[in-house]
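The values are calculated or read from the model by the stated rules, or taken from the named source; none is laboratory data. On a predicted model such as this, the values are computed, not experimentally measured, just so you know. Here Cβ is always computed from backbone atoms with ideal geometry, including for glycine, and neighbour counts include all displayed protein chains.
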C-alpha cells in the first residue's frame, strides 16, 4: 500500500469514528421511543386504550378490580403547565423587553448571568422551596392546611421556565433589524409604541417558540410538581386543589410496583404518552424557531 | 404628547417591575436556603455517615455518591459529546442525515428527565443487567447530558476562525491534521467549560437516578460501580417528603439543599468564570 493510500484510509477512519458518535443521537432518540413502546404494549393486553386515555379513575391496586384511567393526570398536567405559562410568559417577556430596550449595557451584563443562576437551581431544590416557602404562604392565603396544590406547582414551574423564556425572547427581540425601529421612531412613535407595535410583533415567532419550549419543560418536569402539588388522585376541578400529574404518578409508583405486571407496563405507557406530548410541543417550537431564523430579516 | 410619555413611563416601569420580581424570587430562594441551611452545616455534617434514622449525623455518603455518579456521567457524555460536535462542525455537509442528527439532538434535549429514567430502567438495569447501580444511573444521566455537551462543544468549535483550518490545509495537511493541530487546541478549553455546565445540570437531577441506582439510605459507602449509592438530590427528596419524622429531618434537609446548591452552582460559576476569562484573553 502506498503512503498516500494509507493516509487516505486513516482519514476516512477518523471521519467514520466521528460520524458514529454523531449518528448515535438518532439511535438514542429512536431507542427511547422503541423501548418505551415495547414496554408499554404489554399493558394494552389487559387495558383498553380508550379506557386508558378516557377514564378518570386510576386505581391499579383496588381489590375489586383495577382501574387504569389516566385522564385525571393528563388534565392535571395541562392545568399546571398552562397556569405556569400564564405567570411566566408576561413576566419573562417583560424582563426580555426590559433587557433589550430599556436597560443599560452594564445592567444587562449583570442580569444575564443572574438569570443563568436561576436556571442552575436543581428541580428538587425548587420543589423543596415549594414545601417550605410557597406552601405555608399559600396555606395562610387560602386557609388550607399545607398549601400543597396545583397553584404551588404552577408558581414553581413558572420560575423554572423563566430563564428559557427570557433568553429566547430577548434574542428574538434583539434580532429585529434596526431599520424597523428607526423607521418607527422617525414616524414619530415613542420608544414604548415602537416596542409594543413594531418590535414585539416582528419578534413574535421567536416569542412563540420560547413559550413552547418553556411549556415542553414544564410538562416533563417531575420533582417540582411531585413535591409541591400534593399528589391526590382525583380529577382536578381547580388549581387550589391537590393534584397528581403524569410525571408524579410515575415517580410515586415505579419504585413500589412489582416488575412485569400490568401496572408496571401501564407506568411505561404513561411515560410513552409523556414522551409523545413533549416531542410534539418541542417539534412545533423547533419548526417555528427555524422559520424565524431562516426568514432573513 | 404628554399622555404618550406617561404611558411610556408606566410601560417601562412595568417592565422594570417584572425584572425586580424575578430577581426578588431568586434572592428569597437563595436567602432562605442559605440562612436555614447554613445553620446545619458543620464538619460533622459534611464528613460523617447519617445516624439515628437520618435525624442526626452527616451526609457524606450522598456527597460521595453524587461525585461518583457525575464522574460516570462525564466519562460518557464529555468525549462522546465532543466527538459528535467535531463531526457536526468539521465534517458534516448539509445532507439529509446531518439534518436528521441535528433534529434528534434538539429533540433529545426536550425529552423529560423521568422518561430518561424509564429508558435507563429498561436498557441499563434490565437489558444490560447492570442492576440498580452507579453505572446504570451514571449512564442514564450521561445520555441525558449528551445533547447539552454536543451543543456546547459545537459552539466552541464555531469560534475558531476558518482561516486557521485553511492555513493548515494550504500547507498540505490532511483534514484530521488540520483539526488536530489548528482547531482543537484553540477550542478545547471552550468545549470543556461548556460541558461542565451540562454536567452541573446532570449532578442536580433526581428523576433519572431514582429508579436506576439511587438508594434511600445505605449503611456503608459504595465499593464498586455496580453498587447502589446515595445522592444529594435524592437524599433531599427523601428528607423533605419521605422521612418518618419530617420535623426532625427539616434542618438536615435544608443543609442538604445548601450543599447541593453549592455543588451545582459552584460547577456553574467555575465554567462561567472560565468562559469569561477566555473571551477576554482571546480575540481572533
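Points worth noting:
- Which numbered condition residue B:97 fails, given (1) in a loop (DSSP other than H, G, I, E, B); (2) surrounded by fewer than 21 Cβ atoms within 10 Å (Cβ to Cβ): (1)
- The residue that is nearest to the other protein chains (Cβ to nearest Cβ), counting only those in segment B:196-225 that are under 17 Å from residue B:236 (Cβ atoms) and in a helix (DSSP H, G or I), is B:207.
- The residues of segment A:171-185 that are within 12 Å of residue A:100 (Cα to Cα) and outside any loop (DSSP other than H, G, I, E, B), listed by number, are A:171, A:172, A:173, A:174.
- Residue, farthest from residue A:158 (Cα to Cα), within segment B:12-27, restricted to residues that are over 23 Å from the mean Cα position of the chain (by Cα) and facing chain A (nearest Cβ under 7 Å): B:12
- The lone exception for residue B:193 - which of (1) under 19 Å from the mean Cα position of the chain (by Cα); (2) more than 10 Å from chain A (Cβ to nearest Cβ); (3) not in a helix (DSSP H, G or I) it fails: (3)
- Looking only at segment A:196-238, and only at residues there that are under 19 Å from the mean Cα position of the chain (by Cα) and in a loop (DSSP other than H, G, I, E, B), the one that is farthest from the other protein chains (Cβ to nearest Cβ): A:229
- Among the residues listed as B:133, B:163, B:153, the single one being at pLDDT 90 or above and touching a strand residue (DSSP E or B) at 6+ places or on another chain (Cβ under 9 Å): B:133
- Number of residues in segment B:50-65 that are touching a strand residue (DSSP E or B) at 6+ places or on another chain (Cβ under 6 Å) and under 20 Å from residue B:241 (Cα atoms): the value is 3.
- Which listed residue is at the interface with another protein chain (Cβ under 10 Å from one of its Cβ atoms) and either surrounded by 22 or more Cβ atoms within 10 Å (Cβ to Cβ) or over 16 Å from the mean Cα position of the chain (by Cα) (or both), from B:169, B:143: B:143
- Residue A:116 being within 30 Å of residue B:142 (Cα to Cα), at the interface with another protein chain (Cβ under 10 Å from one of its Cβ atoms) and touching a residue at least 24 places away in the same chain (Cβ under 8 Å): yes
Condition check ((1) modelled with pLDDT under 90; (2) away from chain A (no Cβ under 14 Å); (3) over 30 Å from residue B:223 (Cβ atoms)) across all residues:
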site: B:5; (1), (2), (3): yes, no, yes
site: B:10; (1), (2), (3): no, no, yes
site: B:29; (1), (2), (3): no, no, yes
site: B:32; (1), (2), (3): no, no, yes
site: B:35; (1), (2), (3): no, no, yes
site: B:40; (1), (2), (3): yes, no, no
site: B:48; (1), (2), (3): yes, yes, no
site: B:56; (1), (2), (3): yes, yes, no
site: B:60; (1), (2), (3): no, yes, no
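- Selection status of residue A:137, within 11 Å of chain B (Cβ to nearest Cβ) and either assigned to a loop (DSSP other than H, G, I, E, B) or crowded, with 21+ Cβ neighbours inside 10 Å (or both): no
- Of all the listed residues (A:79, A:68), the sole one being within 30 Å of residue A:170 (Cβ to Cβ) and crowded, with 16+ Cβ neighbours inside 10 Å is A:79.
- Residue match in segment A:83-95 (condition: touching a helix residue (DSSP H, G or I) at 6+ places or on another chain (Cβ under 8 Å) and closer than 19 Å to residue A:244 by Cβ): yes
- Whenever a residue of segment B:87-104 is farther than 21 Å from residue B:166 by Cβ and at the interface with chain A (Cβ under 7 Å from one of its Cβ atoms), its partners that are at pLDDT 90 or above and outside any helix (DSSP H, G or I), lying with C-beta atoms within less than 9 angstrom and at least six residues away or across chains, give the pairs B:101/B:92.
- Qualifying residue in segment B:125-140 (condition: at the interface with chain A (Cβ under 10 Å from one of its Cβ atoms), part of a helix (DSSP H, G or I) and within 26 Å of residue B:87 (Cβ to Cβ)): no
- Of the candidates B:108, B:103, the single residue that is surrounded by fewer than 20 Cβ atoms within 10 Å (Cβ to Cβ) and modelled with pLDDT of 90 or more is B:103.
- Single unsatisfied condition, residue A:251 versus (1) crowded, with 22+ Cβ neighbours inside 10 Å; (2) in contact (Cβ under 8 Å) with a residue 40 or more places away in the chain; (3) not in a loop (DSSP other than H, G, I, E, B): (2)
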